[in-house]
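The values are calculated or read from the model by the stated rules, or taken from the named source; none is laboratory data. These numbers come from a predicted model, not from an experiment. Positions of Cβ are generated from backbone atoms using ideal geometry, with glycine treated the same way; all protein chains shown enter the neighbour counts. Quick note on the areas: whole protein, heavy atoms, side chains included, nothing else; ligands and nucleic acids left out. Shrake-Rupley method; radii C 1.70, N 1.55, O 1.52, S 1.80 Å.
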Amino acid sequence: MGMNRYIRFDWAAKYMLRNKADFAIFEGLVSVLVNDKVTIVELLDTESNKETKDDKYNRVDIKAKNSKGEIILVEIQQTREHDYLQRMIYGVAKAITEHISGGHPYKEVKKVFSINIIYFDLGQGDDYLYHGQATLTGVHTSDRLVLTDYERENLEMLTPEQVFPEYYVIRVNEFDKETINGWLEEWMDYLKNERIRPDTTAPGLQEARQRLNVMMMSDAERKQYEHDLDTMVRDTDVMKTQLLEAEIKGRKKGERDKAFESARRMKADGMPSELIAKYTGLDIETINSL
(Lines give C-alpha, C1' and ligand atoms only; values in the text may rest on other atoms or scores of the structure.)
Protein backbone atom coordinates (compact mmCIF):
# COMPACT_ATOMS: atom_id res chain seq x y z
CA MET A 1 0.00 0.00 0.00
CA GLY A 2 1.75 3.14 -1.24
CA MET A 3 2.12 6.32 0.74
CA ASN A 4 0.31 8.26 -1.99
CA ARG A 5 -3.01 6.47 -1.63
CA TYR A 6 -5.80 8.73 -0.46
CA ILE A 7 -9.20 7.95 0.99
CA ARG A 8 -12.08 8.37 -1.45
CA PHE A 9 -13.73 11.73 -0.97
CA ASP A 10 -17.27 10.34 -0.88
CA TRP A 11 -16.42 7.88 1.91
CA ALA A 12 -14.48 10.50 3.86
CA ALA A 13 -17.33 13.00 3.53
CA LYS A 14 -19.78 10.51 4.94
CA TYR A 15 -17.78 9.00 7.77
CA MET A 16 -14.89 11.31 8.65
CA LEU A 17 -15.17 14.97 7.68
CA ARG A 18 -17.70 16.09 10.25
CA ASN A 19 -15.55 18.41 12.39
CA LYS A 20 -14.83 22.11 12.08
CA ALA A 21 -11.17 21.31 11.50
CA ASP A 22 -12.19 19.51 8.30
CA PHE A 23 -14.26 22.36 6.86
CA ALA A 24 -11.19 23.57 4.95
CA ILE A 25 -11.45 20.54 2.65
CA PHE A 26 -15.09 21.30 1.72
CA GLU A 27 -14.32 25.02 1.52
CA GLY A 28 -11.52 24.30 -0.93
CA LEU A 29 -13.67 22.16 -3.22
CA VAL A 30 -16.59 24.60 -3.22
CA SER A 31 -14.34 27.66 -3.65
CA VAL A 32 -12.65 26.09 -6.68
CA LEU A 33 -16.03 25.19 -8.21
CA VAL A 34 -17.86 28.47 -7.63
CA ASN A 35 -14.73 30.51 -8.27
CA ASP A 36 -15.12 32.49 -5.06
CA LYS A 37 -13.67 32.30 -1.57
CA VAL A 38 -16.11 30.27 0.48
CA THR A 39 -15.93 29.99 4.25
CA ILE A 40 -18.13 27.33 5.80
CA VAL A 41 -19.70 28.37 9.07
CA GLU A 42 -21.45 25.13 9.98
CA LEU A 43 -22.56 21.79 8.64
CA LEU A 44 -26.31 21.52 8.91
CA ASP A 45 -28.06 18.32 9.94
CA THR A 46 -29.50 16.25 7.14
CA GLU A 47 -31.56 13.08 7.21
CA SER A 48 -29.15 11.03 5.16
CA ASN A 49 -26.30 11.47 7.60
CA LYS A 50 -28.11 9.42 10.22
CA GLU A 51 -26.24 6.17 9.96
CA THR A 52 -28.14 2.91 10.18
CA LYS A 53 -26.81 -0.61 10.02
CA ASP A 54 -28.26 -1.22 6.56
CA ASP A 55 -27.21 2.20 5.34
CA LYS A 56 -26.51 1.89 1.62
CA TYR A 57 -23.13 3.40 0.81
CA ASN A 58 -24.19 5.13 -2.39
CA ARG A 59 -25.14 8.63 -1.43
CA VAL A 60 -23.73 11.37 0.74
CA ASP A 61 -25.06 14.79 1.24
CA ILE A 62 -23.43 17.70 2.94
CA LYS A 63 -25.39 20.79 3.76
CA ALA A 64 -23.34 23.79 4.78
CA LYS A 65 -23.72 27.51 5.27
CA ASN A 66 -21.14 29.96 3.98
CA SER A 67 -20.07 33.25 5.50
CA LYS A 68 -22.85 35.11 3.63
CA GLY A 69 -25.47 32.81 5.12
CA GLU A 70 -25.97 31.13 1.74
CA ILE A 71 -26.67 27.41 1.68
CA ILE A 72 -24.36 24.97 -0.04
CA LEU A 73 -25.67 21.50 -0.81
CA VAL A 74 -23.07 18.98 -1.86
CA GLU A 75 -24.56 15.69 -3.06
CA ILE A 76 -22.32 12.78 -3.88
CA GLN A 77 -24.19 10.03 -5.71
CA GLN A 78 -22.68 6.66 -6.55
CA THR A 79 -25.43 4.76 -8.30
CA ARG A 80 -27.80 5.73 -11.09
CA GLU A 81 -31.07 7.43 -10.25
CA HIS A 82 -33.29 8.08 -13.24
CA ASP A 83 -35.02 11.01 -11.53
CA TYR A 84 -31.84 12.64 -10.26
CA LEU A 85 -32.56 16.05 -11.84
CA GLN A 86 -35.92 16.24 -10.08
CA ARG A 87 -34.19 15.35 -6.83
CA MET A 88 -31.74 18.21 -7.34
CA ILE A 89 -34.66 20.65 -7.63
CA TYR A 90 -36.42 19.14 -4.64
CA GLY A 91 -33.27 19.37 -2.52
CA VAL A 92 -32.91 23.07 -3.31
CA ALA A 93 -36.58 23.82 -2.59
CA LYS A 94 -36.42 21.93 0.70
CA ALA A 95 -33.24 23.74 1.76
CA ILE A 96 -34.82 27.12 1.04
CA THR A 97 -38.03 26.43 2.97
CA GLU A 98 -36.20 24.82 5.90
CA HIS A 99 -34.19 27.98 6.51
CA ILE A 100 -36.96 30.54 6.34
CA SER A 101 -38.03 31.90 9.69
CA GLY A 102 -41.42 33.47 10.41
CA GLY A 103 -42.12 37.18 10.15
CA HIS A 104 -40.47 38.20 6.88
CA PRO A 105 -40.23 34.87 5.13
CA TYR A 106 -39.37 36.01 1.61
CA LYS A 107 -36.63 38.36 2.69
CA GLU A 108 -35.08 35.44 4.56
CA VAL A 109 -34.71 33.38 1.37
CA LYS A 110 -31.08 32.52 0.92
CA LYS A 111 -29.24 31.61 -2.24
CA VAL A 112 -28.54 27.90 -2.60
CA PHE A 113 -25.61 26.32 -4.41
CA SER A 114 -26.50 22.78 -5.48
CA ILE A 115 -23.26 20.90 -6.13
CA ASN A 116 -23.76 17.40 -7.48
CA ILE A 117 -20.81 15.04 -7.71
CA ILE A 118 -22.02 12.02 -9.61
CA TYR A 119 -20.28 8.76 -10.41
CA PHE A 120 -22.82 7.53 -12.98
CA ASP A 121 -23.63 8.76 -16.48
CA LEU A 122 -26.23 11.51 -16.37
CA GLY A 123 -27.35 12.78 -19.74
CA GLN A 124 -25.14 13.25 -22.77
CA GLY A 125 -22.44 15.86 -23.02
CA ASP A 126 -18.76 16.34 -23.70
CA ASP A 127 -17.80 18.09 -20.46
CA TYR A 128 -17.24 16.80 -16.95
CA LEU A 129 -18.52 20.02 -15.30
CA TYR A 130 -21.86 21.69 -16.06
CA HIS A 131 -23.15 24.83 -14.42
CA GLY A 132 -26.43 26.66 -14.71
CA GLN A 133 -28.61 29.33 -13.17
CA ALA A 134 -31.91 30.92 -14.14
CA THR A 135 -31.62 34.39 -15.64
CA LEU A 136 -34.59 36.52 -16.62
CA THR A 137 -34.16 37.46 -20.27
CA GLY A 138 -36.44 39.60 -22.43
CA VAL A 139 -38.38 37.37 -24.83
CA HIS A 140 -38.48 40.09 -27.50
CA THR A 141 -35.56 42.29 -26.51
CA SER A 142 -33.04 39.71 -25.19
CA ASP A 143 -31.99 42.10 -22.42
CA ARG A 144 -31.54 40.85 -18.87
CA LEU A 145 -33.91 42.03 -16.16
CA VAL A 146 -32.04 43.99 -13.49
CA LEU A 147 -33.08 45.62 -10.23
CA THR A 148 -33.78 49.31 -9.74
CA ASP A 149 -31.75 51.34 -7.23
CA TYR A 150 -34.76 51.33 -4.87
CA GLU A 151 -35.09 47.53 -5.05
CA ARG A 152 -31.37 47.03 -4.60
CA GLU A 153 -31.45 49.10 -1.45
CA ASN A 154 -34.53 47.40 -0.01
CA LEU A 155 -33.72 43.86 -1.01
CA GLU A 156 -30.07 44.27 -0.04
CA MET A 157 -28.89 42.61 -3.24
CA LEU A 158 -27.54 43.81 -6.54
CA THR A 159 -28.99 41.35 -9.06
CA PRO A 160 -31.68 38.63 -9.20
CA GLU A 161 -28.81 36.12 -9.64
CA GLN A 162 -27.83 36.80 -6.03
CA VAL A 163 -30.87 34.86 -4.89
CA PHE A 164 -31.56 32.36 -7.70
CA PRO A 165 -30.06 28.92 -7.03
CA GLU A 166 -26.99 27.78 -8.95
CA TYR A 167 -26.55 24.19 -10.04
CA TYR A 168 -23.30 22.38 -10.64
CA VAL A 169 -23.16 18.85 -12.05
CA ILE A 170 -19.78 17.15 -11.87
CA ARG A 171 -19.67 13.98 -13.97
CA VAL A 172 -16.65 12.33 -12.39
CA ASN A 173 -16.37 9.46 -14.88
CA GLU A 174 -16.09 11.90 -17.79
CA PHE A 175 -12.86 13.38 -16.45
CA ASP A 176 -9.98 11.71 -18.28
CA LYS A 177 -7.12 14.16 -18.44
CA GLU A 178 -3.65 12.78 -17.91
CA THR A 179 -1.95 16.18 -17.80
CA ILE A 180 -3.39 18.08 -14.87
CA ASN A 181 -3.52 21.87 -15.08
CA GLY A 182 -5.06 24.13 -12.49
CA TRP A 183 -6.92 23.64 -9.24
CA LEU A 184 -10.17 22.35 -10.72
CA GLU A 185 -8.38 19.56 -12.60
CA GLU A 186 -6.40 18.69 -9.47
CA TRP A 187 -9.65 18.30 -7.55
CA MET A 188 -11.14 16.22 -10.36
CA ASP A 189 -8.06 13.99 -10.37
CA TYR A 190 -8.56 13.38 -6.65
CA LEU A 191 -12.32 12.75 -6.98
CA LYS A 192 -11.81 10.22 -9.77
CA ASN A 193 -8.41 8.69 -9.13
CA GLU A 194 -7.76 9.38 -5.41
CA ARG A 195 -4.51 11.11 -6.35
CA ILE A 196 -3.19 14.32 -4.81
CA ARG A 197 0.01 15.99 -5.98
CA PRO A 198 2.60 16.35 -3.20
CA ASP A 199 3.21 19.98 -4.22
CA THR A 200 -0.48 20.91 -4.57
CA THR A 201 -1.52 24.47 -3.81
CA ALA A 202 -5.21 23.78 -4.53
CA PRO A 203 -7.50 24.99 -1.73
CA GLY A 204 -8.65 22.03 0.34
CA LEU A 205 -6.31 19.49 -1.21
CA GLN A 206 -3.37 20.41 1.03
CA GLU A 207 -5.58 19.65 4.03
CA ALA A 208 -6.91 16.50 2.34
CA ARG A 209 -3.35 15.22 1.92
CA GLN A 210 -2.76 15.55 5.65
CA ARG A 211 -6.11 14.17 6.75
CA LEU A 212 -7.02 11.57 4.14
CA ASN A 213 -3.94 9.45 3.71
CA VAL A 214 -4.93 5.77 3.91
CA MET A 215 -1.76 5.10 5.91
CA MET A 216 -3.00 7.42 8.65
CA MET A 217 -6.09 5.32 9.32
CA SER A 218 -6.33 3.08 12.34
CA ASP A 219 -6.58 -0.67 11.60
CA ALA A 220 -10.28 -0.63 12.45
CA GLU A 221 -10.95 2.36 10.21
CA ARG A 222 -9.01 0.85 7.33
CA LYS A 223 -10.85 -2.48 7.69
CA GLN A 224 -14.21 -0.69 7.58
CA TYR A 225 -13.06 1.41 4.62
CA GLU A 226 -11.93 -1.63 2.58
CA HIS A 227 -15.17 -3.44 3.44
CA ASP A 228 -17.30 -0.47 2.32
CA LEU A 229 -15.35 -0.12 -0.93
CA ASP A 230 -15.89 -3.83 -1.69
CA THR A 231 -19.60 -3.47 -0.93
CA MET A 232 -19.85 -0.39 -3.09
CA VAL A 233 -18.11 -2.03 -6.05
CA ARG A 234 -20.37 -5.07 -5.67
CA ASP A 235 -23.53 -2.93 -5.45
CA THR A 236 -22.46 -0.90 -8.49
CA ASP A 237 -21.82 -4.12 -10.47
CA VAL A 238 -25.24 -5.49 -9.52
CA MET A 239 -26.84 -2.19 -10.54
CA LYS A 240 -24.98 -2.19 -13.88
CA THR A 241 -26.07 -5.79 -14.55
CA GLN A 242 -29.71 -4.93 -13.78
CA LEU A 243 -29.54 -1.92 -16.11
CA LEU A 244 -28.00 -4.00 -18.88
CA GLU A 245 -30.62 -6.73 -18.46
CA ALA A 246 -33.41 -4.12 -18.57
CA GLU A 247 -31.88 -2.59 -21.69
CA ILE A 248 -31.62 -5.98 -23.48
CA LYS A 249 -35.18 -6.85 -22.43
CA GLY A 250 -36.39 -3.51 -23.78
CA ARG A 251 -34.51 -3.99 -27.03
CA LYS A 252 -35.90 -7.51 -27.49
CA LYS A 253 -39.44 -6.28 -26.83
CA GLY A 254 -38.92 -3.47 -29.35
CA GLU A 255 -37.67 -5.95 -31.96
CA ARG A 256 -40.60 -8.30 -31.30
CA ASP A 257 -43.11 -5.43 -31.55
CA LYS A 258 -41.56 -4.45 -34.88
CA ALA A 259 -41.80 -8.04 -36.14
CA PHE A 260 -45.51 -8.19 -35.18
CA GLU A 261 -46.14 -4.90 -36.96
CA SER A 262 -44.38 -6.11 -40.12
CA ALA A 263 -46.25 -9.45 -40.02
CA ARG A 264 -49.61 -7.66 -39.73
CA ARG A 265 -48.78 -5.52 -42.78
CA MET A 266 -47.59 -8.50 -44.84
CA LYS A 267 -50.72 -10.45 -43.87
CA ALA A 268 -52.93 -7.50 -44.89
CA ASP A 269 -51.12 -7.50 -48.26
CA GLY A 270 -52.05 -11.17 -48.73
CA MET A 271 -48.58 -12.65 -48.26
CA PRO A 272 -48.61 -16.38 -47.32
CA SER A 273 -47.87 -17.22 -43.66
CA GLU A 274 -44.79 -19.33 -44.57
CA LEU A 275 -43.18 -16.36 -46.28
CA ILE A 276 -44.07 -13.99 -43.40
CA ALA A 277 -42.46 -16.48 -40.98
CA LYS A 278 -39.31 -16.52 -43.10
CA TYR A 279 -38.96 -12.71 -43.09
CA THR A 280 -40.05 -11.92 -39.52
CA GLY A 281 -38.78 -14.92 -37.59
CA LEU A 282 -42.23 -15.38 -35.99
CA ASP A 283 -43.77 -18.87 -35.97
CA ILE A 284 -46.70 -19.66 -38.28
CA GLU A 285 -49.10 -20.25 -35.36
CA THR A 286 -48.42 -16.71 -34.06
CA ILE A 287 -48.84 -15.24 -37.56
CA ASN A 288 -52.16 -17.05 -38.09
CA SER A 289 -53.45 -15.69 -34.77
CA LEU A 290 -52.74 -12.04 -35.72
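Convex hull of alpha carbon positions in the chain: directionally averaged projected area 25.3 nm². Summing charges over neighbours of Asp199, with a neighbour being any other residue whose Cβ is under 11 Å away from its Cβ, gives +1 when K and R count +1 and D and E count -1. Taken about its Cα centre, the chain carries a charge dipole of about 480 debye when Lys and Arg each add +1 at the Cβ and Asp and Glu each add -1 at the Cβ.
The angle between the Cα long axis of helix 219-268 and the longest principal axis of the Cα atoms of the chain comes to about 30 degrees, rounded to the nearest 10. Candidate cross-link partners of Lys223 among the aspartates and glutamates, defined by an alpha-carbon separation under 14 Å and a same-chain spacing of 8 or more, are absent. With every protein chain present, what accessible area does Glu255 have (1.4 Å probe, heavy atoms only), rounded to the nearest 10 Å²? Here the residue's solvent-accessible area equals roughly 110 Å². Each of Glu221 and Tyr150 was given a label point 7 Å from its Cα along the Cα-to-Cβ line. The distance between the two points is 5.8 nm.
The separation of the range 242-290 from the range 110-171, counted between C-alpha centres, amounts to 49 Å. Each of Ala208, Ala21, Phe120 was placed along the dipole of the chain (beta-carbon charges, centred on the mean Cα), and the one lying farthest toward the positive end is Phe120. Compared with the alpha-carbon gap, the fully stretched path from Lys267 to Lys37 is longer by 75.7 nm at 0.36 nm per residue.
GNM on the chain, alpha-carbon springs under 10 angstrom: the most fluctuating residue among Gly250, Gly28, Gly132 is Gly250.
Cross-link partners of Lys37 among lysines, defined as those whose alpha carbon lies under 22 angstrom from its own and excluding same-chain residues fewer than eight positions apart: Lys20, Lys63, Lys65, Lys68, Lys110, Lys111.
Given a 1.4 angstrom probe, I'd like the percentage of the accessible area of the range 165-230 that is carbon and sulfur, rounded to a whole number. Within the range 165-230, the accessible surface is 47 percent carbon and sulfur. Computed over the chain with a Gaussian network model linking Cα atoms closer than 10 Å, the most mobile of Leu244, Leu73, Leu184 is Leu244. When the residues Met216, Met188 are ordered by accessible surface, computed with a 1.4 Å probe over the protein chains alone, the sequence from largest down reads Met216, Met188. The alpha-carbon of Lys278 sits under 21 angstrom from the alpha-carbons of these lysines, leaving out residues fewer than 8 places away in its chain: Lys252, Lys253, Lys258, Lys267. Surface exposure of the chain, expressed per residue as accessible area with a 1.4 Å probe, stands at 61 Å².
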